[in-house]
Amino acid sequence: MTPVCELSALQPDRGVAALLPDGSQVAVFLTSAGTVHALGNIDPFSGAAVLSRGIVGDRGGVPVVVSPVYKQAFELTTGKCLDDPSTGVPVHPVVVTDGVIQVGSP
Amino acid sequence: MTRTLVIVGHGMVGHRLVEALREKDVTDQWRVGVVAEETRPAYDRVALSSYVDNWDANSLSLAPHDDDAVELHLNDQVVHIDRDDKVVRTTAGRVQPYDALVLATGSIPFVPPVPGRDLPGCHVYRTIEDLDGIRATVEAAHSSGRHAGMVLGGGLLGLEAANALRGMGISPHVVELGPRLMPLQVDEGGAGLLKRLVEKLDLTIHTGTSASSIEKDGDRLIAKLSNGVELDLDVVVFSAGIRPRDELARSFGLKVGERGGIVVDQACRTSDENIYAIGECANLDGMVYGLVAPGYSMAEVVADRLLGGEAEFPGADMSTKLKLLGVDVASFGDAHAKEEGALEVVVNDAVAGTYAKVVVSDDAKTLLGGILVGDASKYPLLRPLVGRPVPGDPVALIGPAGGGPELTLPHDAQVCSCHAVTKQQIVDVVNSGEAVDVPGIKACTKAGTGCGSCVPMLKKLLSECGVEQSRALCEHFDHSRADLFEIARSTGVTTFSELIGKHGRGRGCDLCKPAVASILASLDNGHVLGGEQAALQDTNDHFLANIQRNGTYSVVPRIPGGEITPEKLIVIGEVARDFGLYTKITGGQRIDLFGATVDQLPQIWARLVDAGFESGHAYGKALRTVKSCVGTTWCRFGVQDSVSLAIELELRYRGLRSPHKLKSAVSGCARECAEARGKDFGVIATENGWNLYVGGNGGFTPRHAELIASDVDTETLIKLIDRFLMFYIRTADRLQRTSTWIESMEGGLDHLRSVIVDDSLGICADLEAAMAKHVDNYADEWRGVLEDPEKLARFTSFVNAPGTPDPTISFREERGQNVPVLLGVPEVSR
Ligand code: SRM
Ligand SMILES: Cc1cc2nc3c(=O)[nH]c(=O)nc-3n(C[C@H](O)[C@H](O)[C@H](O)COP(=O)(O)OP(=O)(O)OC[C@H]3O[C@@H](n4cnc5c(N)ncnc54)[C@H](O)[C@@H]3O)c2cc1C
Ligand code: SF4
Ligand code: FES
C-alpha cells in the first residue's frame with residue numbers, strides 16, 4: 001500500500017492522479033456518497049493517462065467515471081467499461097487510515 | 001435438409017429478402033447465397049441524393065447480414081442460368097447450384113438515343129459511383145469558373161438530380177418532354193405552382209421539349225433542344241426513366257412483359273416455378289414498380305412462400321411525398337381522378353404558394369387520393385384515409401391551417417407505407433411499453449425508417465396513446481435544458497446538488513453536470529471553478545484548456561477580431577518557444593499553442609495574462625471568435641469599419657456560456673471576406689449600416705445564416721444580438737447550435753424575428769437586462785485562477801509527486817515543432 005494523499009485533498013465527485021512506486025498511475029476518486037475508489041489512470045480507448053480528469057456520476061445508479069477523451073463510462077467499483085464490456089481498467093485496493101488514502105496494486 | 005437459395009442482385013430489395021427470410025426461417029431451412037454485381041453491399045438508394053451532403057458512402061449503409069447462413073459475393077455477375085440442372089454461373093467462374101432462385105436485378109437508367117450521349121460529362125443518376133462521377137465533372141468545371149448543367153427528365157428523380165447539382169454550385173436546366181414537371185405524380189395546377197417555386201431557386205425549366213443533340217465545344221458541352229434553344233453546359237445528367245434488367249430472363253427463356261420486366265404471378269413466381277423475380281425487375285399484373293415499397297412487399301411474399309406460406313402480393317401504394325429543393329410535394333391514391341365519376345376539390349392559394357387537391361368518389365363520401373404542393377403537412381394524415389369515408393366536408397380537409405377537423409386514423413390504416421405498418425401495430429408496441437419514443441417505434445416496427453415521411457404521424461400517435469415525448473436532459477432529470485434554465489432562473493438555485501435534489505434523481509452524469517454548470521454560468525454565478533461548480537465541468541472547462549489526444553492541453557488566448565500588435569505576437573512566440581509548444585494559426589483568426597501539460601498551464605497563462613491576454617474560451621461552450629475582414633480602414637471596397645465592430649462584439653460577448661459554442665464574424669462589404677454567413681450570428685456591412693444574419697454554422701452539416709434585420713445602425717444591431725443570444729441561451733437544448741434551434745422552433749425564423757425584432761412576447765427588455773448583467777460581471781477566468789491558490793492547486797500532474805512530469809507524455813519533432821508521440825493503446829485484460 002502506498003500513501004498517496006490526505007482524504008481532504010479530494011473534492012467530492014472529482015479525481016486526482018497519483019504515481020505508484022512501480023511507475024504506474026492511478027486515478028483516485030472521492031464520490032459524493034463518501035466512498036473512495038482507485039482505478040488505473042490510463043484510458044484504454046485513447047491510451048492517454050487521463051481517467052482522473054473525468055466526470056464522476058452514475059449511470060442507472062451504478063457509480064461511474066466518464067473518460068474525458070471519448071466519453072466511455074467505467075464502473076468505479078469494478079473498472080468495467082459499460083460502453084464496451086469486453087474492456088476495462090484495473091481496480092486498485094484502497095484504504096483510508098487516519099485521513100490518509102493508501103492505494104495498493106491491482 | 002437444408003436447401004439453397006440463390007439471389008441475383010443485392011439492391012435494397014435483395015437485401016430485404018435476405019433479412020425477411022432469415023427472420024422467419026427459425027429452423028434454418030435455407031442457406032442463402034447472394035451474387036451481387038456492385039462492388040459494395042446494398043445501400044439506401046432511396047436516400048442516394050443525400051450523399052452529396054457529406055460524400056460519406058457509409059451514411060447510406062444498410063444493416064449488414066451478420067449471419068453464417070448468408071454468403072454475399074460482391075463484384076460478380078450471374079451470366080448463365082441452367083434451369084434444368086438448377087445451376088447459375090458467374091463471370092468470376094462461380095458455379096452455384098440452387099433449389100430456389102430469386103432475380104432481384106433491379107433496373108438501369110434509360111438513356112434516350114440523343115447523339116452525343118456518351119461524351120465525357122454525361123452521366124446517369126443511380127449509384128454512388130454515378131454521383132462520384134458527376135462530382136468529378138463538376139469539380140473539373142469549377143476550376144474554369146462557369147457552372148451550368150442540364151438534367152434530362154423532369155420527373156421526381158430529375159428534380160432530385162437538379163437539386164443535387166445545385167448543391168454542387170451548378171445552375172440546373174431541367175428539360176422535360178411532357179407538358180409539365182412530375183407528370184406521374186402531379187396535375188397541371190400543382191405542377192404550375194411547383195414550376196414557379198423551383199424557378200425561384202435558380203432552376204430553369206423547359207417543358208414540352210427534348211434534347212436533340214449534345215456536342216463537345218472545347219471543355220464544354222452544348223445541348224441543342226428540339227425547340228431551338230441552345231444550352232452551354234458543364235455537365236449533363238440523364239434521368240428519363242428506368243428499364244427493368246430482364247436480360248437474364250430473356251436469354252434463358254423466362255416470360256417477359258411486352259414493355260419489359262420479368263412476368264411474375266401474385267406469388268412473385270416466374271414462368272419457371274423454381275425462379276422468382278422481385279423489385280424493379282419484376283412485372284406484376286402488367287406493372288413494373290419503380291418504388292422501393294412494392295419491392296419490399298414482394299420480398300416479404302417470397303420469404304413467406306419459400307417457407308411454405310401462401311402470401312400474395314398485397315397491391316402497391318404509389319404514394320409519394322418529398323421535399324424537393326425545399327418545396328413539399330405529395331401525391332397519393334388516385335391523384336389524377338381516373339376513377340369513374342371521381343370529383344376533385346381544389347384549394348389553390350397562389351399568394352401563400354400552396355396547392356391542394358383531394359379526389360373523392362362520385363357521392364363525395366370516400367377519399368380516393370390527392371395532391372399537395374407547397375405544404376404537405378396534411379399528407380401523413382390524408383394518405384392512410386385513402387379508400388375510407390371522408391371525415392366531414394372535403395374542402396375542410398385541405399382548407400387553411402387550423403380550419404380542418406381533428407382527424408384520427410382508423411386502426412387498420414397504414415401509417416408507414418414504406419414498411420407497410422398499420423396504426424394498430426404501432427399502437428400495440430406503444431401500449432405494451434415496448435416503444436416509448438420514435439426511435440423505439442422504429443426499432444420495433446421499422447415504421448419511419450424508409451422515406452421518413454410518416455415520422456410526424458408517429459409522434460402524433462405517441463401523444464394519442466398518452467406518451468409524452470421526452471425532452472429529458474438525461475436519466476437524472478425529466479426536464480429539458482430550457483426548463484432547467486427557467487427553474488434555476490426563477491428559483492435562484494445556485495448549486496447542482498440543490499437542483500438535482502429538488503428536481504432530479506441520482507448523482508448526475510457527464511450529460512447533466514456540464515449542462516447545469518453552463519446554465520449556472522449563464523446566470524452569472526461567479527467563477528466556473530468556484531465551489532461545487534468545479535466538479536461539474538468537463539475536463540476542458542475544469543482546466544480551462546482543450547484536452548488533446550495524448551492528455552496534454554492547448555492554450556488559446558483571445559485575439560479579438562483577429563487584430564494583434566507585434567508586441568503581443570512576440571509574447572506568444574516567446575511563450576511557445578520557452579515551453580516547446582506546437583504553434584498553429586487556427587481557422588478562427590487566432591493562435592493555438594498545443595502540448596502543454598496540466599502543471600504548465602498556470603505558468604504559461606501567468607506570462608500571457610501579464611502581457612495583457614485573456615482566456616479565448618476555446619474550451620468552453622461559449623463565445624469563440626468574432627472574425628473580421630480589414631474593412632474600410634484598408635480595403636478599397638469596404639463600406640463600414642468591420643474590425644472595430646468585430647472587436648466590440650467579441651469583447652461584449654466574451655465569456656458568455658451558452659448551450660453550444662457561438663461563433664461570429666463581421667464583413668466590411670458584400671464580398672464577405674470574413675465568411676459571416678457561416679456563423680451563428682454574422683454581420684455584413686451595407687452602405688446604410690449593417691445586415692444581421694443568424695443561424696449559420698460550418699461543421700458536419702454546414703448551413704448559411706439567414707437575414708433577420710437589414711440596414712440597422714450599430715446600436716440597434718447590438719440590441720438585436722443581445723436579445724438573440726439571450727433568447728437562445730434560455731430556450732435551446734443542450735448542444736443545440738443556433739441553426740437547429742431555429743429550425744426546431746415552431747414558426748422558425750419568422751417566429752424568431754417576431755420575438756427579437758417586434759418583441760411579440762414582451763421579453764426584450766428582460767433579455768437586454770440579462771445581457772447587460774453579463775457584460776458588467778465579466779472577468780477573465782484565467783486571471784481568476786492565477787489569483788486563487790485553491791484553484792491553482794488542481795493544476796498538478798500527480799497529487800503525491802507534484803513536480804514529476806507524466807511519464808506517458810513524450811514528443812517528437814515534425815517540421816521543426818513538437819508533436820505528440822502516441823502510445824499504443826495498452827492491452828487491458830479483465
Ligand atoms: C483549432 C481549430 C482548428 C485549426 O487548427 O484551425 C479547431 C479545433 C477544434 N475544433 Fe473546430 N477548430 C477550429 C475552428 C473551427 C471552425 C472554423 C471557424 O470557427 O471559423 C469550424 C466550423 C465553423 C463552425 O463551428 O460552425 C469548426 C467546427 C468544429 C465542430 C463542429 C461544430 C458543429 O456545429 O458541427 C466541432 C465539434 C463540436 O464543437 O462539437 C469542433 C471542435 C473542435 C475541437 C474543440 C475538438 C475537441 O473537442 O478537441 C478542436 C480542439 C481545439 C483545441 O484543442 O484547441 N470544431 N472548428 C480551430 C480553432 C478556432 C479558434 O480559434 O477558436
Ligand atoms: C436517386 C434515387 C432516388 C429514389 N427515390 C425513391 C423514393 O423516394 N421512393 C421510392 O420508393 N423509391 C425511390 N427510388 C427507387 C428505389 O431506389 C428503387 O425502387 C429500389 O432501390 C429498387 O431496388 P432493387 O433491389 O429492386 O433494384 P436495384 O437497387 O437496382 O438492385 C439491383 C442490383 O442487382 C444487381 N444486378 C443486376 N443484374 C445482376 C446480375 N446479373 N448479377 C449480379 N447482380 C446483378 C445490380 O447491380 C444492382 O446492384 C429512388 C432511386 C434513385 C436512383
Ligand atoms: S469583405 Fe469587403 S471590405 Fe472586407 S476585405 Fe472583403 S472586400 Fe474588403
Ligand atoms: S412512410 Fe416512408 S418511412 Fe414510413
### Selection count, the range A:1-36, where residues are within 17 Å of residue A:104 (Cβ to Cβ) and either among the hydroxyl-bearing types (Ser, Thr, Tyr) or more than 8 Å from chain B (Cβ to nearest Cβ) (or both)
12
### Task
Hey, could you check the range B:434-465 for residues that are more than 16 Å from ligand 2 (Cβ to nearest atom) and part of a loop (DSSP other than H, G, I, E, B) and say which is surrounded by the fewest Cβ atoms within 10 Å (Cβ to Cβ)?
B:434
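Conditions tested, residue by residue: (1) at pLDDT 95 or above; (2) touching an Asp or Glu at 6+ places or on another chain (Cβ under 6 Å); (3) surrounded by 22 or more Cβ atoms within 10 Å (Cβ to Cβ); (4) more than 28 Å from residue B:819 (Cβ to Cβ).
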site: B:577; (1), (2), (3), (4): yes, no, no, no
site: B:613; (1), (2), (3), (4): yes, no, yes, no
site: B:625; (1), (2), (3), (4): yes, no, yes, no
site: B:628; (1), (2), (3), (4): yes, no, yes, yes
site: B:638; (1), (2), (3), (4): no, no, no, yes
site: B:642; (1), (2), (3), (4): yes, no, yes, yes
### Message
Just checking, does the range A:9-19 include any residue being assigned to a helix (DSSP H, G or I), at pLDDT below 95 and within 23 Å of residue B:497 (Cβ to Cβ)?
### Response
yes
### Task
Sort through B:441, B:426 and tell me the only one that's farther than 30 Å from residue B:503 by Cα, modelled with pLDDT of 80 or more, within 13 Å of ligand 4 (Cβ to nearest atom) and within 26 Å of the chain's Cα centre (by Cα).
B:426
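With respect to residue B:267, determine if the residue is under 33 Å from the mean Cα position of the chain (by Cα), more than 28 Å from residue B:164 (Cα to Cα) and at pLDDT 95 or above.
Working: under 33 Å from the mean Cα position of the chain (by Cα): no; more than 28 Å from residue B:164 (Cα to Cα): yes; at pLDDT 95 or above: yes.
Taking the combined requirement at face value, the residue does not satisfy it.
Is it the case that residue B:365 is under 28 Å from residue B:186 (Cβ atoms) and more than 27 Å from the chain's Cα centre (by Cα)?
yes
When you check residue B:8 against the structure, is it over 31 Å from the mean Cα position of the chain (by Cα), farther than 30 Å from residue B:325 by Cα, surrounded by 20 or more Cβ atoms within 10 Å (Cβ to Cβ) and not acidic (Asp, Glu), yes or no? Talk me through it step by step, then tell me what you get.
Working: over 31 Å from the mean Cα position of the chain (by Cα): yes; farther than 30 Å from residue B:325 by Cα: yes; surrounded by 20 or more Cβ atoms within 10 Å (Cβ to Cβ): yes; not acidic (Asp, Glu): yes.
Criteria met by residue B:8.
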### Message
Of the residues B:483, B:510, only one is away from chain A (no Cβ under 11 Å) and either under 32 Å from the mean Cα position of the chain (by Cα) or farther than 15 Å from residue B:536 by Cα (or both); which?
### Response
B:483
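Could you tell me how many of the residues in the range B:42-61 are under 30 Å from residue B:27 (Cα atoms) and surrounded by fewer than 17 Cβ atoms within 10 Å (Cβ to Cβ)? Full working, then the answer.
So in the range B:42-61, the residues under 30 Å from residue B:27 (Cα atoms) come out as B:42-44, B:61.
From the residues that got through so far, the ones that are surrounded by fewer than 17 Cβ atoms within 10 Å (Cβ to Cβ) too are B:61.
Qualifying residue count, the range B:42-61: 1.
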### Task
Determine whether the range B:694-715 contains at least one residue that is in contact with a helix residue (DSSP H, G or I) (Cβ under 6 Å, 6 or more places away or on another chain) and over 21 Å from residue B:745 (Cα atoms).
no
### Summary
residue B:468 passes all but one of the listed conditions (1) part of a helix (DSSP H, G or I); (2) over 29 Å from residue B:614 (Cα atoms); (3) more than 14 Å from every other protein chain (Cβ to nearest Cβ); the exception is number (1)
### the range B:413-433, residues that are touching a helix residue (DSSP H, G or I) at 6+ places or on another chain (Cβ under 8 Å) and either of a type outside the set (A, V, I, L, M) or surrounded by 21 or more Cβ atoms within 10 Å (Cβ to Cβ) (or both)
B:414, B:415, B:416, B:417, B:418, B:419, B:421, B:423, B:425, B:426, B:430
## Note on the structure
When every residue in the range B:647-690 that is modelled with pLDDT under 95 and among the polar types (S, T, N, Q) is compared, the one farthest from ligand 4 (Cβ to nearest atom) is B:688
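Every residue, every condition in (1) outside any helix (DSSP H, G or I); (2) away from ligand 3 (no atom under 16 Å from the Cβ); (3) within 22 Å of residue B:295 (Cα to Cα), yes or no:
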position: B:38; (1), (2), (3): yes, yes, yes
position: B:47; (1), (2), (3): no, yes, yes
position: B:68; (1), (2), (3): yes, yes, no
position: B:80; (1), (2), (3): yes, yes, no
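Here is a yes/no grid of residues against (1) assigned to a helix (DSSP H, G or I); (2) within 27 Å of the chain's Cα centre (by Cα):
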{"residue": "B:710", "(1), (2)": "no, no"}
{"residue": "B:715", "(1), (2)": "yes, no"}
{"residue": "B:722", "(1), (2)": "yes, no"}
{"residue": "B:729", "(1), (2)": "yes, yes"}
{"residue": "B:734", "(1), (2)": "no, yes"}
{"residue": "B:741", "(1), (2)": "yes, yes"}
{"residue": "B:751", "(1), (2)": "yes, yes"}
### Message
So for the range B:674-684 (the condition being more than 14 Å from chain A (Cβ to nearest Cβ), more than 14 Å from ligand 1 (Cβ to nearest atom) and of a type outside the set (D, E, K, R)), does at least one residue qualify?
### Response
yes
### Message
closer than 18 Å to residue B:290 by Cα and out of contact with any Pro (no Cβ under 9 Å at 6 or more places or on another chain): which single residue out of B:169, B:158, B:154 fits that description?
### Response
B:158
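Tell me which strands (runs of 3 or more DSSP E) are completely within the range A:49-106 and hold 3 or more residues being over 23 Å from residue B:476 (Cβ atoms), more than 9 Å from every other protein chain (Cβ to nearest Cβ) and aromatic (Phe, Trp, Tyr), or say none if there are none. Even if it seems obvious, please write down each step before you answer.
Numbers: elements: A:55-59, A:62-66, A:73-75, A:94-97, A:100-103.
In the range A:49-106, there are no strands (runs of 3 or more DSSP E) which contain 3 or more residues that are over 23 Å from residue B:476 (Cβ atoms), more than 9 Å from every other protein chain (Cβ to nearest Cβ) and aromatic (Phe, Trp, Tyr).
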### Task
Collect the residues in the range B:486-499 that are within 16 Å of residue A:32 (Cα to Cα) and either more than 10 Å from chain A (Cβ to nearest Cβ) or surrounded by fewer than 19 Cβ atoms within 10 Å (Cβ to Cβ) (or both), keeping them in residue-number order.
B:495, B:497, B:498, B:499
### Message
With within 14 Å of another protein chain (Cβ to nearest Cβ) and at pLDDT 95 or above as the only criterion, which of B:595, B:561 stands out?
### Response
B:595
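One residue is enough: does the range B:374-393 have a residue meeting the conditions acidic (Asp, Glu) and at pLDDT 90 or above?
Of the range B:374-393, the ones acidic (Asp, Glu) are B:375, B:393.
With the extra rule that they be at pLDDT 90 or above, the set shrinks to none.
Checked the range B:374-393: no residue is acidic (Asp, Glu) and at pLDDT 90 or above.
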### Query
Which members of the range B:645-691 meet the condition of being touching a residue at least 60 places away in the same chain (Cβ under 8 Å) and small (Gly, Ala, Ser)?
B:646, B:655, B:658
### Task
Within the range B:486-507, identify whether any single residue is within 16 Å of ligand 1 (Cβ to nearest atom) and either part of a helix (DSSP H, G or I) or farther than 23 Å from residue B:725 by Cα (or both), and answer yes or no.
no
### Task
Could you figure out which of (1) more than 9 Å from the chain's Cα centre (by Cα); (2) farther than 26 Å from residue B:810 by Cα isn't true of residue A:68?
(2)
### Query
Does residue B:519 satisfy being closer than 20 Å to residue A:65 by Cα, of a type in the set (A, V, I, L, M, F, W, C) and in contact with a helix residue (DSSP H, G or I) (Cβ under 7 Å, 6 or more places away or on another chain)?
no
### Message
Given the criteria part of a loop (DSSP other than H, G, I, E, B) and surrounded by fewer than 22 Cβ atoms within 10 Å (Cβ to Cβ), does residue B:178 qualify?
### Response
yes
### Task
Would you point out the residue of the range B:515-555, among those that are outside any helix (DSSP H, G or I) and touching a His at 6+ places or on another chain (Cβ under 8 Å), that is surrounded by the fewest Cβ atoms within 10 Å (Cβ to Cβ)?
B:524
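The values are calculated or read from the model by the stated rules, or taken from the named source; none is laboratory data. Computed from a predicted model, the values in this text were never measured in an experiment. So basically every Cβ, Gly included, is an ideal-geometry build from the backbone, and we count neighbours across all protein chains shown.
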